[in-house]
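None of the figures in this text is laboratory data; all of them are computed from the coordinates on show. Note that the structure is a prediction, hence the values are computed from the model and not measured. In this analysis, Cβ positions are derived from the backbone assuming ideal geometry, glycine residues included, and neighbour counts consider all displayed protein chains.
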């Protein structure tokens, strides 16, 4: 069917369709035998307005697998950056008619436009983590022949989406084909309290503070608050004296409790801050504008926390690109030891803003009102997983946690407290696992069960993950607050 007739023909089909749900299928692709059962199950049990699944890309004869496409739970920021929802996708018929079906003026990216418009109105979007679709990939397509046209049309579609959503922003092309960047102008009145706990290691702290000052724009309002945890090193204490006129130094005494120290610092900071940036003393900023990129998404009213991409000191290998909750039995950093950008590992996940369940507090930007809403860090979790716990509670409140790879810094990890080959905080780990037992059992909704839980580079699980009881990821949006909560369907009885 010529591209120019597809939206027209699809809309005529919608006019005569009589079912409760519509499933989109290209004429030369294949559905798995159980695909419609999964859609009906979710439509009935989840009251879904939009559903999408995983898929497998195969050769034209359908016999050879080229790639598995495993997807996360619904991620609005990811969708604004990359058309990650492709096949299988299904809609409630009444929703499609409400939004007017396909835009017949589009000859390219009409599916992307439809999915964005449906997502704007949908109250419940469900990801079915099951391969329901076989996409037969041919050697050439209109998309590959006209890449710049695809980029231009998609960018226009995305801009209209932002405008309809009443979000101030401009769409720009991303680092490669089919990647985009939403640039949100900074609102007036933003002010950040940068909180840096330290004990001795004055040279490391100096490197951190100097790098922050060198890379944060002069127009960005911020204060640096150093929390001195009983430093007794003469050189460090001398450094404190040298910066006392420009940096606020507060004293904390007692046993080391990362959560308590940061909560104490927030109280000492006082009022007047829109955001808190929790920053380890072994962070080194290397690129201009990183804080502004974090604030761009962090100022959105439904975003609670923003994390950054962190590198090891060689500045080539990743240390952190978000946190997968449940990996290795508790939590671990995405992308750890990936050589960036050389390693061909899920490239879109490493280059665009996206929702995650958690980020590390080595560098974590939190909206002040969101931090207060969840009562800050849980001081019962003294050191390990306190940041993950904070993120999970913010997420449970319906606020988004965003990983921004546009903020790239160095983390000189473990300089302060050393390294260990065993769990350095077993009590914290036990408390975290107990507190989030059901979440761990259900699995991180932003990490597909088709990937291995024992590797940080998104490898496909071997043997392939095949389950009768699929735990669907359900995103429900509250129309009054604008917040979205995620849940996982219960196991079969």
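Listed from fewest to most Cβ neighbours within 10 Å, the set 117, 237 follows the order 237, 117. Computed extension gain for residue 47 through residue 136, at 0.36 nm per residue and net of the alpha carbon distance, reaches 29.0 nm. From least to most packed, judged by other beta carbons within 10 angstrom and beginning with the fewest, 61, 20 follow the order 61, 20. Radius of gyration over Kirkwood radius for the range 191-442, both on Cα atoms: the Rg/Rh ratio is 0.93. Summarising the overall dimensions of the chain from its C-alpha atoms, the Rg and Dmax are 23.6, 81 angstrom. A P(r) calculated from all alpha carbon pairs of the range 1-106, with 10 Å bins opening at zero, reads 12, 39, 40, 9 percent. In this simple spin-label approximation, residue 430 and residue 242 carry label points 7 Å from Cα along the Cα→Cβ vector, and these lie 4.5 nm apart. A Förster distance of 41 Å, applied to the separation of the beta-carbon atoms of residue 165 and residue 233, puts the FRET efficiency at 0.20.
Per-residue ellipticity at 222 nm computed for the chain from its helices equals -9000 deg cm²/dmol, with DSSP H segments shorter than 4 residues left out and the rest contributing -39,500 (n - 2.57).
Ignoring solvent entirely, what values of log10 I(q)/I(0) come out of the Debye formula for the range 192-232 at 0.27 Å⁻¹ when each Cα is a single scatterer? Log10 of I(q)/I(0), two decimals: -0.97. At a Förster radius of 60 Å, what calculated FRET efficiency corresponds to the Cβ-Cβ distance of residue 187 and residue 11, to the nearest 0.05? E(calc), rounded to 0.05, equals 0.95. Between residue 149 and residue 172, the contour length at 0.36 nm per residue exceeds the Cα-Cα span by 6.9 nm. The separation of the range 93-113 from the range 299-354, counted between C-alpha centres, amounts to 34 Å. Compared with the alpha-carbon gap, the fully stretched path from residue 478 to residue 249 is longer by 78.3 nm at 0.36 nm per residue. Computed over the Cα atoms of the range 3-183, the ratio of the radius of gyration to the Kirkwood radius (Rg/Rh) comes to 0.94.
If you take the Cα centroid of the range 160-207 and the Cα centroid of the range 468-488, the two points sit 26 Å apart.
The distance separating the Cα centre of the range 20-38 from that of the range 428-444 comes to 35 Å. Here 451, 112 are placed in order of increasing Cβ neighbour count within 10 Å, fewest first, which gives 451, 112.
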